[in-house]
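Everything on this sheet refers to the single structure shown next.
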Amino acid sequence: MRTGSQRTPQDDRLSADLARLAMLDPAGLQRRWRMVFGRSAPEHLSRALMHRVLAYRLQVDRHGDLSPATTRLLDRLRPDSPAEVLPPPDQPGTKPGTLLVREWKGELHRVMVLDPGFAWQGTTYDSLSRVAQAITGTKWNGPRFFGLRERPSSAQRSDAR
């Protein structure tokens with residue numbers, strides 16, 4: 001198993017290829033683009049964007065591309081894709097039918113996960129944060145309030161300051 005500090009010859013080759021790519025002028029980037037994609041780069045692409053796309057392609061060739069699930073999610077985010085509500089990333093306890101329970105000020109609160117939304121005391125809310133706000137009267141991160149997300153440690157909180 002490889003740790004983050006161990007470099008391989010493949011890593012060294014990739015670093016060298018990325019360094020060479022960074023030194024190319026616009027004409028060199030255009031030539032490289034034609035070699036990689038078999039056609040000229042779109043005219044509207046800036047030098048910086050051509051460089052980034054080609055660098056990404058080098059890394060994909062060495063390490064592999066995005067997972068099919070990630071590709072599908074990104075496809076749904078495209079501006080030309082049909083408008084649809086994207087589900088939140090999967091978190092434990094967010095599948096429809098799950099019952100979330102939280103005690104607040106001595107009272108037990110039960111929230112049913114719906115598709116879509118969350119039901120609490122006969123009302124449907126569009127987010128857990130709205131449910132948490134209804135329960136507490138103040139703004140809360142809903143997943144954190146219901147224990148679906150860990151609270152940052154005191155060291156992490158002080159680092160963020």
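Could you list, in sequence order, the residues of the range 102-120 that are assigned to a loop (DSSP other than H, G, I, E, B) and in contact with a Pro (Cβ under 9 Å, 6 or more places away or on another chain)? Before you say what the answer is, go through the steps one by one.
Of the range 102-120, the ones assigned to a loop (DSSP other than H, G, I, E, B) are 105-106, 114-117.
Matches in the range 102-120: Leu114, Asp115, Pro116.
Inclusion of His51 among residues that are loosely packed, with under 12 Cβ neighbours inside 10 Å and more than 15 Å from His63 (Cα to Cα) is not warranted.
Restricting attention to the range 85-114, which residues are farther than 15 Å from Val131 by Cβ and modelled with pLDDT under 70? Passing the criteria: Val85, Leu86, Pro87, Pro89, Asp90, Pro92. Candidates are the residues of the range 1-59 that are among the acidic types (Asp, Glu) and part of a helix (DSSP H, G or I); the one that is modelled with the highest pLDDT is Asp17. When Ser158 is tested against (1) of a type in the set (S, T, N, Q); (2) assigned to a helix (DSSP H, G or I); (3) at pLDDT 90 or above, only condition (3) is not met.
Pairs linking a residue in the range 100-129 that is on the phi > 0 side of the Ramachandran plot to a residue that is of a type in the set (Val, Ile, Thr), with Cβ atoms under 6 Å and 6 or more positions apart or on different chains, are Gly117/Thr124.
If Ile135 satisfies all but one of (1) surrounded by 11 or more Cβ atoms within 10 Å (Cβ to Cβ); (2) not in a helix (DSSP H, G or I), what's the number of the condition it fails? It is condition (2) that Ile135 fails.
The set of residues from the range 119-151 being modelled with pLDDT of 90 or more, of a type in the set (Phe, Trp, Tyr) and under 16 Å from Gly97 (Cβ atoms) comprises just one member, Trp120.
The values are calculated or read from the model by the stated rules, or taken from the named source; none is laboratory data. Note that the structure is a prediction, hence the values are computed from the model and not measured. Quick reminder, even Gly has a Cβ in these numbers, built from the backbone with ideal geometry, and neighbours come from all protein chains shown.
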